[in-house]
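S.K.: Take a look at the following structure, please.
The values are calculated or read from the model by the stated rules, or taken from the named source; none is laboratory data. These figures come from a predicted structure and were not determined experimentally. Because the Cβ atoms are built from the backbone with ideal geometry, glycine has one as well, and the counts that use them run over all protein chains shown.
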Amino acid sequence: MSAAESATAIHRNQVDLLDFIDWSGVECLNQSSSHPLPNALKQGYREDEGLNLESDADEQLLIYIPFTQVIKLHSIVVMGSEEDGPKTVKLFANREHMGFSNVSDFPPSDTAVLSQDNLKGKPVVVKYVKFQNVRSLTIFIEDNQSGSEITKVQKIALYGSTVETTDMKGLKKIEDH
Amino acid sequence: MVLEATMICIDNSEWMRNGDYSPSRFQAQADAVSLICGAKTQSNPENTVGILTMAGKGVRVLATPTSDLGKVLSCMHGLEMGGEMNLAAGIQIAQLALKHRQNKNQQQRIIVFAGSPIKHEKKALEMIGKKLKKNSVALDIVNFGEDEDGKPEKLEALLASVNNNDTSHIVHVPAGQNALSDVLISTPVFTGDGEGGSGFAAAAAAAAAGGVSDFDFGVDPNIDPELALALRVSMEEERARQEAAAKRAAEEATRQEKGEEAQPQSDSQNATMNATEKASDPMDEDDALLKQALALSMNIPGSDSSAGDAQMSEATNDDQEFALALQMSMQDGSKDSSDQSDVSKVLGDQSFMSSILSSLPGVDPNDPKVKDLLASLPSQSEPQEKKEEDEQPKDDK
């Protein structure tokens, strides 16, 4: 309940950035083919607790999400189970085509260590100043809560706002000359 | 048509001097490599291929992934053999080369030619495989050359740890008559998971194999499509003609009641009619052709004239209507001789019929049954049909 309240409190002027994700460029390294990224990202799939994103060869995951327009990222929600949910999550803004070998080459825009509350849905507020002009987001899940071989993520949601906000209704009014 | 960047790891160790693959292991490998390069670039013009050698003084990258086929092939010249193959280092350096490819949208693939013994442990190879899988790099392994204990198992273990959704493959090529390239052409290494490169592969196969080809008429559709098409069409026409003639023969056979001989034919004819299938015994076809020839020579109208292929289709259509009409008449048990006037003319000619019957293997014209049939031929009579029904149950036993 408190998680839900705090969630709505933060979302005053933030929207779910799901609509701005450029799905053609979304990639996930080290995902299991039977439990791929859309299970955690897509509307409907991410609400389903039975559908998870799972890692394959080891516990790390590298998720690359490009956007259709420039956005500001305010907070993220990462939900998972108590043991297999992600623990350390690093976010990189505007880095294309990263691999596991160069995650340590430059510092992340933000790092989050997820608590059990976060795994239940409490959003993690990111360093807003670092995410003012985001074209693409790379999420590096370094390890999971219990240190097991497979990391399972049930839901990933991004909240923020767009840089150029166009109010379509406003446009119509102006047209009435 | 998958957009792919490929690194080919060549084994140029001392073991490649062996001649069990003609002309030498190394030469066979080189041929295979050039074929692969060609196939990859042909299946998608944006594909890139790179080459590195695993033995010699150390792992050496001869060409980074490039779409320039000439550059790749030229660096294959003047390669020297020597030293030992370092599989682990070779694969890791290939992975590094792929990581720095120019077009990041390309899928990553490594093709390894493992011709010499592998000195690494299975564990180490599995770790390497896991790392490849983690970075979504596919791996194709060509196991040839030295066949030491444990080598296939090590390579299989490596493949198992890399394989993600069957994108990686392993091919074992034993020494023998077939060239390494020929064996590879039919494998997923070339055909790329069943798409794209098969056209190129087919052409290469035809060119390389010469007389031995898998194509129906010994003509590669890729090389000479018109000839292949013409051959195929004439084959189908001949088949249709034979089927029509066979059907006609079977029709005549049921009506003639040639004794035991007729039974398989009439049964097949009934089965054919009932099921409207076109299968026929080989003997039917022989009969049909024979009758056809005889009828032709006697200029009987209405018989299957093979003058002009253009008329064939019309003729076969007529025959099918024939068959339908016959079927209906058989089932009704009523006379319908009007459609078969032409054919009954043929049948009415006793001398002609007896000459045909005598030529059939198994039929003895002096058999009383046959004689009876000949006598009762000109008219389609119920006794005949009854006989047929009688004989049918006999055969059904």
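S.K.: Any residue at all in the range A:101-123 that is modelled with pLDDT under 90, surrounded by fewer than 19 Cβ atoms within 10 Å (Cβ to Cβ) and closer than 21 Å to residue A:23 by Cα?
M.R.: Within the range A:101-123, not a single residue is modelled with pLDDT under 90, surrounded by fewer than 19 Cβ atoms within 10 Å (Cβ to Cβ) and closer than 21 Å to residue A:23 by Cα.
S.K.: A further question on this structure: Can you tell which of A:22, A:58 is more than 11 Å from chain B (Cβ to nearest Cβ) and of a type outside the set (S, T, N, Q)? First the steps, then the outcome.
M.R.: Numbers: A:58 fails: more than 11 Å from chain B (Cβ to nearest Cβ).
Matching residue, one of A:22, A:58: A:22.
S.K.: Still on this model: Just to be sure, is residue A:72 assigned to a strand (DSSP E or B) and of a type outside the set (Ser, Thr, Tyr)?
M.R.: Details: assigned to a strand (DSSP E or B): yes; of a type outside the set (Ser, Thr, Tyr): yes.
Criteria met by residue A:72.
S.K.: How many residues does the range B:91-116 contain that are in contact with a helix residue (DSSP H, G or I) (Cβ under 9 Å, 6 or more places away or on another chain) and either without any contact (Cβ under 8 Å) to a residue 12 or more places away in the chain or more than 14 Å from every other protein chain (Cβ to nearest Cβ) (or both)?
M.R.: Of the residues in that region, 10 qualify.
S.K.: For residues that are small (Gly, Ala, Ser) and surrounded by 22 or more Cβ atoms within 10 Å (Cβ to Cβ), tally how many sit in the range B:114-150.
M.R.: Residues of the range B:114-150 that are small (Gly, Ala, Ser), as a first pass: B:114-116, B:124, B:129, B:136, B:138, B:145, B:150.
Now restrict to residues that are surrounded by 22 or more Cβ atoms within 10 Å (Cβ to Cβ): B:114-116, B:129, B:138, B:145.
Residues in the range B:114-150 being small (Gly, Ala, Ser) and surrounded by 22 or more Cβ atoms within 10 Å (Cβ to Cβ): 6 in total.
S.K.: Of the residues B:88, B:157, B:138, B:63, which single one is among the small types (Gly, Ala, Ser), within 14 Å of chain A (Cβ to nearest Cβ) and not in a loop (DSSP other than H, G, I, E, B)? Show your work before the answer.
M.R.: Values: B:88 fails: within 14 Å of chain A (Cβ to nearest Cβ); B:157 fails: within 14 Å of chain A (Cβ to nearest Cβ); B:63 fails: within 14 Å of chain A (Cβ to nearest Cβ).
Every option except B:138 fails the conditions.
S.K.: Search the range A:104-132 for residues being within 18 Å of residue A:70 (Cα to Cα) and β-branched (Val, Ile, Thr), and hand back the single one that is nearest to the other protein chains (Cβ to nearest Cβ).
M.R.: Looking at residues that are within 18 Å of residue A:70 (Cα to Cα) and β-branched (Val, Ile, Thr), I get A:126.
S.K.: Among A:59, A:47, A:54, A:96, which is buried (at least 16 other Cβ atoms within 10 Å of the Cβ) and outside any strand (DSSP E or B)?
M.R.: Just one listed residue meets the conditions, A:59.
S.K.: Return the residues of the range B:132-147 that are among the β-branched types (Val, Ile, Thr) and over 14 Å from residue A:56 (Cα atoms); say none if nothing qualifies. Lay out the reasoning, then the answer.
M.R.: Here is the first cut: in the range B:132-147, the residues among the β-branched types (Val, Ile, Thr) are B:137, B:141-142.
If the condition is that a residue be among the β-branched types (Val, Ile, Thr) and over 14 Å from residue A:56 (Cα atoms), then B:141, B:142 are the ones that fit.
S.K.: Hey, another quick one. Does residue B:121 qualify as being within 14 Å of another protein chain (Cβ to nearest Cβ), of a type in the set (Asp, Glu) and either in contact (Cβ under 8 Å) with a residue 60 or more places away in the chain or closer than 24 Å to residue B:171 by Cβ (or both)?
M.R.: Numbers: within 14 Å of another protein chain (Cβ to nearest Cβ): no; of a type in the set (Asp, Glu): yes; either in contact (Cβ under 8 Å) with a residue 60 or more places away in the chain or closer than 24 Å to residue B:171 by Cβ (or both): yes.
No: the conditions fail for residue B:121.
S.K.: For the range B:61-73, does any single residue satisfy the condition of being in contact (Cβ under 8 Å) with a residue 60 or more places away in the chain and surrounded by fewer than 16 Cβ atoms within 10 Å (Cβ to Cβ)?
M.R.: Initial filter on the range B:61-73 (in contact (Cβ under 8 Å) with a residue 60 or more places away in the chain): B:65.
Filter once more, keeping what is surrounded by fewer than 16 Cβ atoms within 10 Å (Cβ to Cβ): none.
No; the residues of the range B:61-73 include none that is in contact (Cβ under 8 Å) with a residue 60 or more places away in the chain and surrounded by fewer than 16 Cβ atoms within 10 Å (Cβ to Cβ).
S.K.: In the list B:32, B:28, which residue meets the criterion of being surrounded by 24 or more Cβ atoms within 10 Å (Cβ to Cβ) and touching a strand residue (DSSP E or B) at 6+ places or on another chain (Cβ under 8 Å)?
M.R.: Details: B:28 fails: touching a strand residue (DSSP E or B) at 6+ places or on another chain (Cβ under 8 Å).
Only one candidate passes the filter, namely B:32.
S.K.: Right, residue A:101: of a type in the set (Ser, Thr, Tyr), over 16 Å from the mean Cα position of the chain (by Cα), outside any strand (DSSP E or B) and within 14 Å of chain B (Cβ to nearest Cβ) or not?
M.R.: Working: of a type in the set (Ser, Thr, Tyr): yes; over 16 Å from the mean Cα position of the chain (by Cα): yes; outside any strand (DSSP E or B): yes; within 14 Å of chain B (Cβ to nearest Cβ): yes.
The answer is yes for residue A:101.
S.K.: Identify the single condition in (1) surrounded by 20 or more Cβ atoms within 10 Å (Cβ to Cβ); (2) more than 14 Å from chain B (Cβ to nearest Cβ) that residue A:83 does not satisfy, given that it satisfies every other one.
M.R.: For residue A:83, the failing item is (1).
S.K.: Which one of B:71, B:119, B:131 is touching a helix residue (DSSP H, G or I) at 6+ places or on another chain (Cβ under 9 Å), modelled with pLDDT under 95 and either part of a helix (DSSP H, G or I) or closer than 29 Å to residue B:182 by Cβ (or both)? Write out each step before concluding.
M.R.: Numbers: B:71 fails: touching a helix residue (DSSP H, G or I) at 6+ places or on another chain (Cβ under 9 Å); B:119 fails: either part of a helix (DSSP H, G or I) or closer than 29 Å to residue B:182 by Cβ (or both).
Exactly one of B:71, B:119, B:131 is touching a helix residue (DSSP H, G or I) at 6+ places or on another chain (Cβ under 9 Å), modelled with pLDDT under 95 and either part of a helix (DSSP H, G or I) or closer than 29 Å to residue B:182 by Cβ (or both), namely B:131.
S.K.: Right, here's the next one. Looking only at the range A:150-177, how many residues end up being part of a loop (DSSP other than H, G, I, E, B) and modelled with pLDDT of 90 or more? Give the derivation first.
M.R.: So in the range A:150-177, the residues part of a loop (DSSP other than H, G, I, E, B) come out as A:150-151, A:163-167, A:176-177.
With modelled with pLDDT of 90 or more added as a condition, the list becomes A:150-151.
Selection size over the range A:150-177: 2.
S.K.: Within the range B:160-188, how many residues are more than 14 Å from chain A (Cβ to nearest Cβ) and not in a loop (DSSP other than H, G, I, E, B)? Walk me through it before giving the result.
M.R.: Pass one, the range B:160-188, residues more than 14 Å from chain A (Cβ to nearest Cβ): B:169-188.
Within this subset, residues satisfying the condition of being not in a loop (DSSP other than H, G, I, E, B) are B:169-172, B:180-185, B:188.
Going through the range B:160-188 one residue at a time, the tally reaches 11.
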